[in-house]
Amino acid sequence: NLWGLHNTGQQGGKVDTDIDAPEAWATTTGSHNNVIAVIDTGTDYTHKALAGNLWTNPKDGSHGYNAITGSNDPMDDHYHGTHCAGTVAGNGTDGVYGVSHKAQLMPIKFLSGSGGGTLADAIKGIVFATENGARITSNSWGGGPFNQALKDAFASSPALHIIAAGNDSNNNDARPTYPATYDMDNIVSVAASDRNEALASFTNYGATTVDLAAPGVAIYSTTPGNKYKNLDGTSMACPHVSGAAGLILAAYPEISNDELKARL
Ligand code: CA
């Protein structure tokens, strides 16, 4: 099912239209030293395919942050965030490997069970991730106008922020999508591609403002309650890049954001 990691032409795809994950895994399968925040609807941190790969708060043993309630319980009452987390760092249970087999996933919940959220809660989530050592943030969300406070929150974080380009078939060069289109050195904007080496029909794009494409159609990953399913979206492409960043960090722990971005 994981054509994005290794495409052998399964289900009608084009051979080797993938991220060459097995080739990368010959060098590293990731490291528990890297904290990767998944800023989304939360994560089912009890999912068996994520076991062993969750960040634990040294203060209270919790596994993330819920900006909506102000608590440290980021349980996913949707499914989107759990799906993204599995693509970043699924542990291989039931065959669901993330791009990085090992990481410290830090679930940050600011999107509700209906999938919406506020800018204020997004900023709280970015701040929590930054203050608690996230080296990468994975952001499969967007919407709303330019917002200086949100831009400042990303800018003031030393992490590299991977952000979905959006799903409106829009040219982000002509009509910006935020936060993906903020022009900043520590943001990577991700479009979605399919198993036949084409951009997804829905994906936003932009020669200047979108940095790269990654697999984002029929992506199989974790959902709450020890389940799995296929989803489409730049939301699914973004965590492929976040996981790849985790592999690079495992191989080059001292790498700068500029170097990491260049390697991606
Ligand atoms: Ca390949």
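A short reminder: the numbers here are calculations on the coordinates, not readings from a lab. All values reported here derive from a predicted model rather than from experimental measurement. Here Cβ is always computed from backbone atoms with ideal geometry, including for glycine, and neighbour counts include all displayed protein chains.
Quick notes
- If R0 is 35 Å, the Cβ-Cβ spacing of D20 and D173 corresponds to a FRET efficiency of close to 0.80.
- Anisotropy class of the range 111-264 from Cα gyration tensor, a/c 1.5 cut: rounded
- The chain: most fluctuating residue of G70, G81, G246 per GNM, C-alpha cutoff 10 Å: G70
- Charge-dipole axis of the chain as Lys and Arg at +1 and Asp and Glu at -1 on Cβ define it, positive-most pick from I39, P145, L54: L54
- Counting only DSSP H runs of at least 4 residues, each contributing -39500 (n - 2.57), and dividing by the residue count of the chain, the helix-based mean residue ellipticity at 222 nm comes to -7000 deg cm²/dmol.
- Our coupling estimate for the range 219-234, obtained by passing each phi through the Karplus curve with A = 6.51, B = -1.76, C = 1.60 and θ = phi - 60°, is 9, 8, 7, 6, 9, x, x, 6, 10, 8, 6, 8, 9, 10, x, 5 Hz, Gly and Pro reported as x.
- Dipole magnitude for the range 70-220: computed about the Cα centre from +1 point charges on Lys and Arg Cβ and -1 point charges on Asp and Glu Cβ, it is near 120 debye.
- Taking Cα centre as origin and charging only the Cβ of basic (Lys, Arg, +1) and acidic (Asp, Glu, -1) residues, the dipole magnitude of the chain rounds to 360 debye.
- Overall form of the chain per C-alpha gyration tensor (a/c, 1.5; a/b vs b/c): rounded
- Residues whose amide H lies under 5 Å from that of V38, counting only those 5 or more places away or on a different chain, are M106, I108, S138; hydrogens are built 1.01 Å from N in the peptide plane.
- Structure remark: mean-square fluctuation, Gaussian network model of the chain, C-alpha springs under 10 Å; the largest value among P179, P224, P22 belongs to P22.
- Entries of K102/K261; K227/K261; K14/K109; K48/K102; K151/K261 with Cα pairs more than 25 Å apart: K227/K261; K14/K109
- For the residues A164, A155, A192, a GNM of the chain with alpha-carbon springs under 10 Å puts the largest fluctuation on A155.
- For the range 156-264, the set of GluC sites (Glu not before Pro) satisfying both a DSSP loop assignment and a count of at most 15 other C-beta atoms within 10 Å is given as E197, E254.
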